[in-house]
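Here's the structure, in structure tokens; my notes come after.
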Amino acid sequence: MLPPRAGVHLFGMTDRPRHARKPLVASTLVLRTLATAITLGSFGAMAIFANENLYTSNAPLQPAAVVAVATATPAPTSAPTTVTSTRTTVRGSVASTSTTALTRTKQS
Amino acid sequence: MTFDTELIWVLARSTGTAALVALTLSIVTGIALRTGTFAWLSHNRGVRVVHGFLTVLWIPLSLGHVIALLFDRYAQIGLLDLVIPFGVSYGRVAIGLGTISAQLIVVVLLSTWLRARLTTGQWRAFHRLSYVAFAAAFAHGIMSGTDLANPAVAALAWAAALCVALVAVRRVVVSRGVAASVVRATRS
């Protein structure tokens, strides 16, 4: 049996050069639309997800702003207070005093 | 939803995640330009067009993320924190990495716009900073991203990072293969 000629297979089928392989998406417009859809899709999905899960207790970062809010308005007590914010709950004692303020005047 | 706090908070989170997605796509398409990783999907010109086009997506998303956090009274991030990293009172490293990432991205963008004035070597050196920028952005997301506390979202983020790593490894392997074949050709 004779070997087939180079580049010619059985039944007369020839090898196709590699560079002639047609890609799945030839249009750059379709590619750009695909990239936009993936990006904006993730934006929309994350916006919905974040809106439904506004308060995440196991988030890696908890802003310290609520502590500043808690200490900005001291109550006249040293008992532990609970300050509940929209994001997190901070428990702590607020240092305060109930004594009257002293005023010193310069004496000549 | 109240506009002043909750909408800003939702915008900050969603723009941050979407910016990371767009940045991932940009990095992956950029790396794949040399290796033809996406030859099955499109020709190289198409991949290059998408790589350039993605800046139109991730620049506004990144800006939106930063602006939303500037207006968020809980985040307590000031304009100075955009210039000087690691100056925030909480989450110093996590937020500082985000600042570093943003600054590196600005450098990469500027070098791209000034490409005509740079040598190929200079442009390539600047452009390679995008790898560091992506790593910093990913670490920033993992360490500070509220949504990445969710396992499903974290899995997607890790999948994106794995995708970048795989394409990068393939590029290194292909580059070494090309270099070895050049050496063989010059010796023979």
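Values as computed for the structure displayed
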read-out	value
Odd one out for B:LEU20 among (1) at the interface with chain A (Cβ under 7 Å from one of its Cβ atoms); (2) touching a residue at least 60 places away in the same chain (Cβ under 8 Å)	(1)
Only listed residue being over 22 Å from B:SER26 (Cα atoms) and crowded, with 19+ Cβ neighbours inside 10 Å, chosen from B:VAL93, B:VAL88, B:VAL83	B:VAL88
Subset tally (residues that are loosely packed, with under 12 Cβ neighbours inside 10 Å and in contact (Cβ under 8 Å) with a residue 40 or more places away in the chain) for segment B:171-181	0
Residue selected from segment B:146-170 under the condition without any contact (Cβ under 8 Å) to a residue 40 or more places away in the chain, over 18 Å from the mean Cα position of the chain (by Cα) and over 15 Å from A:SER42 (Cβ atoms), by the criterion farthest from the other protein chains (Cβ to nearest Cβ)	B:PRO151
Inter-residue pairs, beta-carbon under 7 Å, first in a helix (DSSP H, G or I) and in segment A:27-40, second crowded, with 17+ Cβ neighbours inside 10 Å and of a type in the set (Gly, Ala, Ser), 6+ apart	A:THR28/B:GLY46; A:LEU31/B:SER42; A:LEU31/B:GLY46; A:THR39/B:ALA18; A:THR39/B:ALA22
Flag for B:GLY52 being within 20 Å of the chain's Cα centre (by Cα), at pLDDT below 95 and of a type in the set (Gly, Ala, Ser)	yes
Answer from B:LEU69, B:LEU97 - the residue that is touching a His at 6+ places or on another chain (Cβ under 6 Å) and more than 10 Å from chain A (Cβ to nearest Cβ)	B:LEU97
Residue match in segment B:67-83 (condition: in a loop (DSSP other than H, G, I, E, B), hydrophobic (A, V, I, L, M, F, W, C) and touching a helix residue (DSSP H, G or I) at 6+ places or on another chain (Cβ under 9 Å))	yes
Residues located in segment A:46-69, provided they are assigned to a helix (DSSP H, G or I), more than 7 Å from chain B (Cβ to nearest Cβ) and either at pLDDT 95 or above or under 17 Å from B:LEU7 (Cβ atoms) (or both)	A:ILE48, A:GLU52
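Yes/no per residue for (1) over 22 Å from A:LEU61 (Cβ atoms); (2) in a helix (DSSP H, G or I):
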position	(1), (2)
B:GLU6	no, yes
B:TRP9	no, yes
B:ALA32	yes, yes
B:PHE38	yes, no
B:LEU54	yes, yes
B:TRP58	yes, yes
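The values are calculated or read from the model by the stated rules, or taken from the named source; none is laboratory data. What you see is a predicted model; the values in this text were computed from it and never measured. Here Cβ is always computed from backbone atoms with ideal geometry, including for glycine, and neighbour counts include all displayed protein chains.
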